[in-house]
Each structure stands twice: as structure tokens, then as C-alpha cells.
1. Testing ALA248 on (1) in a strand (DSSP E or B); (2) aliphatic (A, V, I, L, M); (3) open to solvent by 40 Å² or more (accessible area, probe 1.4 Å), one condition comes back false. Which one is that?
2. What are the residues in segment 31-50 that are over 15 Å from LEU224 (Cβ atoms) and of a type in the set (A, V, I, L, M, F, W, C), if any?
3. Restricting to segment 276-291, name every residue that is open to solvent by 40 Å² or more (accessible area, probe 1.4 Å) and closer than 13 Å to ILE126 by Cα.
4. Of all residues in segment 342-381, count the ones that are small (Gly, Ala, Ser) and over 24 Å from the mean Cα position of the chain (by Cα).
5. Only one of these is modelled with pLDDT under 90, part of a strand (DSSP E or B) and within 30 Å of LEU108 (Cβ to Cβ): ASP297, ASP306. Name it.
6. Of the residues in segment 391-420, how many are within 40 Å of the chain's Cα centre (by Cα) and open to solvent by 50 Å² or more (accessible area, probe 1.4 Å)?
7. Quick check on this structure: which one of GLU173, GLU241 is free of Cβ contacts under 8 Å to residues at least 40 places away in the same chain and within 30 Å of MET407 (Cα to Cα)?
8. Would you please name the residue that is nearest to ALA102 (Cα to Cα), looking only at residues in segment 292-333 that are among the hydroxyl-bearing types (Ser, Thr, Tyr) and surrounded by fewer than 15 Cβ atoms within 10 Å (Cβ to Cβ)?
Amino acid sequence: MKKICLFTLICVSSFVCSAQTHGNKLLTIDEMFQLADEKNSTLKLSDLSLQSSDMDVKIAKNERLPKVNVALSAGYLSDIRITDRNFSNGLTVKMKDFGDYAHISNNLVVQASQILYAGGAIKNSIANAKLAQSATGYEKRQSRSNIHFMLLSHYLEIFNFRNQEEVYLKNIEQTEKLVSDIKSKQKEGLALRNDITRYELQLQSLNLALTQVRNNMSVANNRLCTLLKLPRETVIEVDKEMLSFLPAATNEQEWQATANDSSPELKIAQIHSTQADNAEKIINAERLPKIFAFAADQFDGPITIDMDVKDNNMNIWMVGLGVKYNLSSLYTTNKSVKKQQIATKAAQEAENIAKENLQIEVNAAFTHFLESFTILQTAEKSVELATVNYNVINNRFLNDLALLTDMLDASNSKLEAELKMADAKINILFNYFNLKRVAGVL
């Protein structure tokens with residue numbers, strides 16, 4: 001019987017541990033980012049776009065390869081009908097008279113050509129395909145950074161709600177103790193029922209706020225689980241240790257230099273500018289001659305190039321160099337060139353605008369990052385003062401030296417200060433990661 005009970009206890013314990021492990025998941029920021037890289041649908045779509053751009057480069061390089069055409073045909077030749085120019089005096093010549101297989105025609109043509117010079121059109125087309133490939137890579141980086149930041153916002157939101165939950169629980173505990181103390185005073189005739197009612201109302205308000213915080217935390221948790229492809233019943237546990245290693249303030253110029261080197265948005269604008277310049281060269285190449293090498297072999301039968309049809313096969317091959325020049329390009333290309341020159345200037349202006357916007361965004365993000373430290377210092381001082389004030393008022397109230405309204409004000413001030421300090425620490429992390437996102441290193 002003891003063995004059965006022991007076995008049952010082990011099974012139940014294992015089930016409970018398994019359920020807890022399945023329901024709760026401690027997730028650090030790095031682990032969350034890694035999970036997103038593996039499972040996020042948007043990033044998978046970016047991978048497909050990158051694979052497509054790789055194929056575009058290979059397709060552009062195909063222009064360097066020789067082009068080979070093969071044509072094969074076989075058919076039936078009719079008899080020859082000869083007439084005067086006015087279609088009179090008709091005469092039919094039987095193909096059978098020229099051989100047993102004269103009615104059967106065969107034709108085989110093999111042609112090969114290789115572009116030797118195209119005015120730089122092929123080279124610049126390949127260069128643009130490679131630039132497009134690079135742009136797709138930067139677009140993936142930018143998408144990845146935005147997704148990471150969105151996930152981080154939900155993650156810190158959960159962290160913030162958990163801090164608020166702890167603050168409310170602590171204040172509820174203190175309020176319940178205070179209600180108990182007031183009830184004791186009422187029994188001694190030192191407090192009124194109205195005093196208890198007022199604190200019970202505050203307790204109800206705290207419990208309602210706690211319920212709202214927990215509901216908001218559940219919504220944020222569900223949103224994060226959906227984005228990370230986790231089971232909906234998973235409860236994400238945030239890494240509280242990260243508040244122990246808050247980032248330090250640095251120099252703005254370092255972040256500006258990092259952004260100029262790493263910002264995907266700026267890199268994409270620079271690539272578009274280079275692509276526009278290459279496109280202009282491609283159009284200008286239409287004005288230049290194209291030189292190519294060629295080789296061909298032709299196998300025909302029967303021989304019908306003379307009235308004396310021969311029931312034989314004829315094979316001829318050739319090899320040489322050729323030049324093609326589109327004379328109409330002298331008067332048709334000018335408009336295309338001017339249009340592309342406008343597009344090139346527009347791309348250069350877009351690059352300059354991207355640089356200016358990046359500088360402004362980095363400056364704004366860095367300013368808010370520094371501001372978050374000031375907010376934290378103010379919040380810490382506010383909590384310190386509010387706690388001292390609460391303790392003083394509480395002691396005076398318990399000794400009948402302060403009014404209940406003073407106690408309520410002190411309690412509310414302490415609660416507000418504690419909530420602001422919890423927000424301030426998380427605000428530093430949020431602004432730090434936002435600065436990394438803007439600089440292109442998230």
C-alpha cells in the first residue's frame with residue numbers, strides 16, 4: 001500500500017511540474033530575439049525575397065554566356081510548277097525525276113553567338129542586380145530590427161505590468177493592515193466607522209486597479225505568444241535581472257557614427273543612388289556599337305538552289321566577328337538619358353534626405369535616452385521622500401496626531417511615486433533599445 005501511495009505521489013508531482021514548466025516560460029531578451037528569428041512569418045518572407053534576389057543576380061550573369069540556337073525541320077517537297085510571268089504555258093516537273101528522296105526535305109541549323117562588347121550594358125546590369133541583392137539584405141535587417149523592437153515593447157510592457165502588480169499588492173497589504181489598525185481603534189472608541197469605510201473604499205480601488213493591471217498583462221502576454229508562435233496558455237516570465245545592468249549614457253557622436261555605418265535605411269538609399277547612376281550608363285550604352293563573335297553550321301537537303309535539283313545533302317559552316325549598331329539610337333536615346341538623369345538626381349536627393357532624417361532621429365533618440373536617467377533619479381528621490389512622509393504620517397495617525405485625510409494623501413503619494421519609479425527603470429531600457437534600432441544595430 002505504501003509503494004502504491006509513493007508511486008501515485010511521484011506521478012502527481014511529475015504532472016504538476018510538467019504543467020508548470022509548460023505553462024510558464026522564463027524568456028530573456030536575447031532568447032526572445034532568437035525565437036523570433038526562427039519562427040516569425042515576416043522574417044521568413046524576407047528570406048524568400050533574399051533568395052529571389054540571388055536568382056536575379058544569376059539571371060543577369062547569363063548575358064555573359066554564349067547564346068546557342070538549334071533549328072531542325074523535315075518535310076515533304078511538292079513537284080515543281082513552272083509558268084510564264086503571266087501564268088501561262090504551265091509545266092510540271094516531277095521531283096521523282098531527281099531522285100528517290102527528292103520529295104523529302106531536311107534542314108538543321110546550329111547557331112552560336114557571344115557578346116564581346118556591349119558598351120558596359122551587361123556589366124552595369126549585373127552590378128545593379130548585385131546592388132538589388134544587397135538592398136534586399138538591408139531590408140531584411142530593417143524588418144528584423146523593427147520586429148525585435150515591437151517584441152521588446154510588448155516584453156517591457158509585461159515587465160512594467162508585473163512591477164505595477166507588485167506595487168499594488170504591497171499597497172493593498174499595507175492598506176489592509178491599516179484598516180485592521182483602525183478597526184482596533186474603533187473598538188477602543190478612538191476611531192469612527194466612517195474612517196474604516198474610507199479606507200475600505202481605497203482598498204476596493206486598489207483591488208480594481210490590480211485587476212486591470214493583470215488583465216492588461218494577460219493581453220500583452222497573449223500578443224507576445226502569438227508573435228513568437230508559442231502556445232496561448234504560455235505565461236511569459238520576464239528576466240528581472242536586466243534591471244540590475246542598466247546601460248550607461250555615452251556620447252551622441254559615437255551613436256551618429258554608428259548610424260552612418262550601420263543604418264539599413266541609409267544603406268538602401270545609397271544603393272538606390274548607385275543603381276540610378278548605373279541605369280544611366282546602361283541607357284548610354286545603346287549609343288555604342290555591339291561586337292559579337294558567332295559560329296554556325298547548316299545542313300540541308302535536297303539542294304534546290306538551282307533548277308537542276310540534286311538529291312543530295314549540303315553542309316556549310318561559318319565562324320567570324322560581327323558588329324551591330326542601332327542608328328536610330330542617335331535620335332531616340334536622348335530623351336531616355338535625360339529622364340534617367342532626373343531619376344539619378346532624385347535618388348541622390350533622397351540619399352541626402354535619408355542622412356538628414358537619420359541625424360535627427362538619432363539625436364531625438366539619444367536625447368530621450370539621457371532624459372530617462374533624469375526621470376529615474378527624480379523618481380527615486382520621490383519614492384524616498386514619499387516613503388519618509390508616509391512613515392511619519394502613519395506614526396502620527398496611529399498616535400492620533402494626524403487626520404485620516406492626511407493618511408490617505410500620504411498613501412496615494414507613496415503609491416504614485418512607486419509606480420513612477422517602476423516605469424522609469426523600464427523607460428531607460430526602452431529608450432536604449434530604441435536608440436539601437438534607430439542606429440541600425442538592434
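1. The number of the failed condition is (1).
2. The answer is LEU43, LEU45, LEU48, LEU50.
3. LYS281, ILE282 - these are the residues of segment 276-291 that are open to solvent by 40 Å² or more (accessible area, probe 1.4 Å) and closer than 13 Å to ILE126 by Cα.
4. Count: 4.
5. Only one candidate qualifies: ASP297.
6. Result for segment 391-420: 2.
7. GLU173
8. Top of the filtered list is TYR325.
The values are calculated or read from the model by the stated rules, or taken from the named source; none is laboratory data. Model, not experiment: these values are computed from the prediction. Positions of Cβ are generated from backbone atoms using ideal geometry, with glycine treated the same way; all protein chains shown enter the neighbour counts. Heavy atoms of the whole protein, side chains included, go into the accessibility calculation; ligands, DNA and RNA do not. Shrake-Rupley method; radii C 1.70, N 1.55, O 1.52, S 1.80 Å.
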